[in-house]
Structures are given as structure tokens and as C-alpha cells.
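Take a look at the structure below.
The values are calculated or read from the model by the stated rules, or taken from the named source; none is laboratory data. Being a predicted model, the structure only gives us computed values, none of them experimental. Positions of Cβ are backbone-derived with ideal geometry, glycine not excepted, and every protein chain shown enters the neighbour counts. Please note that ligands, DNA and RNA were not included when accessible areas were found on the heavy atoms of the full protein model with its side chains. Shrake-Rupley method; radii C 1.70, N 1.55, O 1.52, S 1.80 Å.
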Amino acid sequence: MTPLRYTPEIETPEPDEQATIRGIIEGMTQSSRTVEKREHHAVRASHAKSSACTVGRLSVEPNLPPELAQGLFASGGEFDVAVRFAQGPGETLGDRVSTHRGVSVKVFGVAGEKLPGHEAQTQDFVLATGTTFPSGTASGFLRDGKMIGTATPLPEGFKSAVSAAMRGVNTVLNAFGTESAKADFFGHPFSHPLAEPYFSQAPLRYGDYVAKLGLFPVAPAQLALKDWTLDPHRDEDGFRHAAVDFFRGSEAVFELRVQLWTNAATQPIEDASVDWPTEDSPYRTVATLRLPAQEADSAARRRYFDDVMTFRPAHALALHRPLGSVMRARLQVYEALSNFRHAENGIAAENTASIDRIPA
């Protein structure tokens, strides 16, 4: 189908959206204070526990068709990248609490007009397991955030039990050919972090068009891990150990694919909980991400990625502006929570502008 063109009018914020976003920031900041008191350190309000901290290259395909040759992908070329893989919770938990996962990509050397407040020549993409964001909208984000905030002070054993129950829900649903995105959010399988795809979940401007993004593993060494399963009772940091061990001897390769907006009826902009049907618009490859064998968890590198570096949807080209209710919330929420975390730890935040800043 012919892709639909971007115009500012495709976004329709709710009248009270700003109040909702303030509520999200207040609630997540309070949760972060609770975690800081327990861990004696302020961690990321989501995706706190890194699995691998890597560097590599992003190669944009040459001679893409016009609808794909947009923004960062307008012409072929190669870019340095920094990529952080992490577990979902905004606290440092054992891997028995296997929830959704995230991957953050910072692309260096990106020229062009940026969003206000972003001055580095970089473009960030923040992705997670699951094609949708279960909360759907900013108001849903606030509602679910309150539930997570209530659970934050509870013992880790309770969170492990919830995670196991949610995995059980999807095991039953999978037998009937379906699954629950919310159940997966709280109870993701014990799969290998490098063997599954990651998605933007919500849309972003794609030059003249609109798209969602996905990172899909393609290296044979990654595909061979499709049946790998962690035994968290033997290793509470097993996801990190598995990812770091992989990078000590192998290269990870992902295809970056784009799903263009082609049907306003089935592909809503404002509700990120709705999966965009691939029958309307398949994912199409625009670039290849290569992460060579490396030491992905040195003490200096992990500290830099976890405590100093910032990844935000707002670190973007104007041609890749995040879109929709959840993304508009993220533009403010990520900044506020980053400011809180860095202030509490007495560490200056760094909007890293060059890959040379990444420790070995």
C-alpha cells in the first residue's frame, strides 16, 4: 500500500495531557526514590540493569526506494553506534524477575536539524521487546505506572511470583495462538537477550512519512540461540553473563527494519497498544547493525553506560520526531528522570557526542 504522508495534524493530544505527563513524572520519581533508598544509588527509572554495553557500526543500505530513503536513511553510509541492552525494571533485581527488555541505540555523526534542546550530532533509538507498548496512551502510562509504583517497595520474591504468573498466562494463551502484551511486559520468557527482536513500539516521523522501527537478529550465532533458556535459580545475573560471554567470541548482527504507516484505520498514531498489521505494511530493511566481538561489561564501560550516558527519544533529528501520546510523554519523562538520577548521584549527565568517549 502507498505510505501516508506525515503532517503535524496526525497528532491529536488530549486536553489534559500535560497534567497526565506531570503525574507520570511525579510517580516515577517517587518510585526512583524508593529504589535509591534500598540500593543506596539512583538507577534508571526503567531498564536499570544492563546486560551488555557495546559499540559497533550501523550501515545504511544504498539506493533505497524513495519512501525508505528518508532522514538518517536518505543515503547509504556508515555510522558509529553505542548500544545498551538492559532488563526492564527500574531497579536492580535478580533475573528470576524476567520482564520486558530494552535496547538503546545511539548513532554518531548524524547531521541535520535536531529537536529543540538536542545539540549533539547524534540520533537515539529506544526499543523494547514486544511490538506494542501495553499502556497505549499517556493516561494508560500513568495508570500502569501507579500500579508499578505500588509494587516497588514490595519484596523481590513477590515480583518474581508475578513475573512467573504472567509467563504462565502467556503459555496458556500461546496454546490458543495468541498472547497478552501486558503479560509479556511483566513476565517475559527466559530467552537470550541477543536472540530476539526489539521494537520502537510507538511511531516516529520518518522524513516525509511515519514509521515504527524494529531490530531483528540475523547472525547465525544469534539464531542458534532461539531455544536457549536461562535457569535463574542457578544464576541471578544470567542474562548479563550470557550476553557478555556471547560478545567475547562472536559478532551480533541485527537488521534495522521500518514499518511504514499506510492505513490510518488499522495503524493508529495515538494508541501504542495497537499492533500495526504486517499485512498492511511489512517490516522492510533499511540498515544493518553490527556489534563485533568485544568486552561488553568492563567496570569502566558499565559505569559510563549506566550512570553517565543518556539515551532519550528527544535526542533525534526533526525528521525522526517521536509521535503519539506515549512518545510525547517520553520526551519529557526521560529528561526529568535523568535529571533526578544524575543529581542524586552527583554525576554530570553526558549527551555523548562521540564514540571516543566510550571506555574500553
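Descriptive notes on the structure:
- For the range 155-206, the relative contact order is 33 percent, taking Cα pairs closer than 8 Å that sit 6 or more residues apart in sequence and dividing their mean separation by the residue count.
- Modelled FRET efficiency - R0 45 Å, A264 with F190, Cβ distances, 0.05 increments: 0.75
- The local environment of A211, defined by Cβ-Cβ distances under 10 Å, has a net charge of +3 under the rule Lys, Arg +1 and Asp, Glu -1.
- Evaluated with a Cβ-only charge set (Lys, Arg +1; Asp, Glu -1), the chain carries a dipole of roughly 480 debye about its Cα centre, given to the nearest 20.
- With the highest mean first, a sort of the peptides 294-301, 9-16 on other beta-carbon atoms found within 10 angstrom per residue produces 294-301, 9-16.
- Taking a Cβ cut-off of under 9 Å around P322, the surrounding Lys, Arg, Asp and Glu residues balance to a net charge of +4, with basic ones at +1 and acidic ones at -1.
- Placing R0 at 35 angstrom, the Cβ-Cβ distance between A221 and N174 gives a FRET efficiency of 0.85 after rounding to 0.05.
- Cβ crowding within 10 Å averaged over residues, with 255-268, 223-236 ranked highest first: 255-268, 223-236
- Surrounding net charge for T20, when Lys and Arg each add one and Asp and Glu each subtract one, Cβ distance under 14 Å: -1
- Using C-alpha pairs below 8 Å separated by at least 6 residues, the relative contact order for the range 1-158 is 23 percent.
- Among the listed pairs K114/K182; K114/K226; K37/K114; K106/K212; K37/K106; K106/K146, a Cα-Cα separation exceeding 28 Å is found for K114/K182; K114/K226; K37/K114; K37/K106; K106/K146.
- Cα lying deepest toward the dipole's positive end in the range 10-144, options Q18, T99, T122, charges on Cβ: T99
- Electrostatic dipole magnitude of the range 293-345 [Cβ: Lys, Arg +1; Asp, Glu -1; Cα centre; debye, to 20]: 260
- Here the accessible area is traced with a 1.4 Å probe on the protein chains. For the chain, carbon and sulfur cover 55 percent of it.
- At the listed q of 0.16, 0.18, 0.20 Å⁻¹, the Debye profile of the range 216-360, built from one uniform point per Cα, gives log10 I(q)/I(0) equal to -1.28, -1.34, -1.30.
- Around the Cα centre of the range 193-318, unit charges on the Cβ atoms of Lys, Arg, Asp and Glu (plus for the first two, minus for the last two) sum to a dipole of about 440 debye.
- Rounded accessible area per residue of the range 224-360, 1.4 Å, Å²: 42
- Anisotropy class of the range 1-111 from Cα gyration tensor, a/c 1.5 cut: oblate
- Cβ crowding within 10 Å averaged over residues, with 173-179, 32-38 ranked highest first: 32-38, 173-179
- Ranking N174, V110, G157 by how far each Cα lies toward the positive end of the dipole of the range 104-182 (charges on Cβ) leaves G157 at the top.
- Stretching the chain fully between D356 and R284 yields a gain of 22.8 nm (0.36 nm per residue, less the alpha carbon separation).
- Structure-derived volume of the Cα convex hull per residue in Å³ - corresponding label in [x] 181; [y] 171; [z] 134: [z]
- The range 193-285 - Rg over Rh from alpha carbon coordinates, Kirkwood radius: 1.09
- Taking the Cα atoms of the range 70-125, the ratio Rg/Rh between the radius of gyration and the Kirkwood radius comes to 1.12.
- Take every Cα pair under 8 Å whose residues are at least 6 apart in sequence, average their separation, divide by the length of the range 70-149, and the relative contact order is 25 percent.
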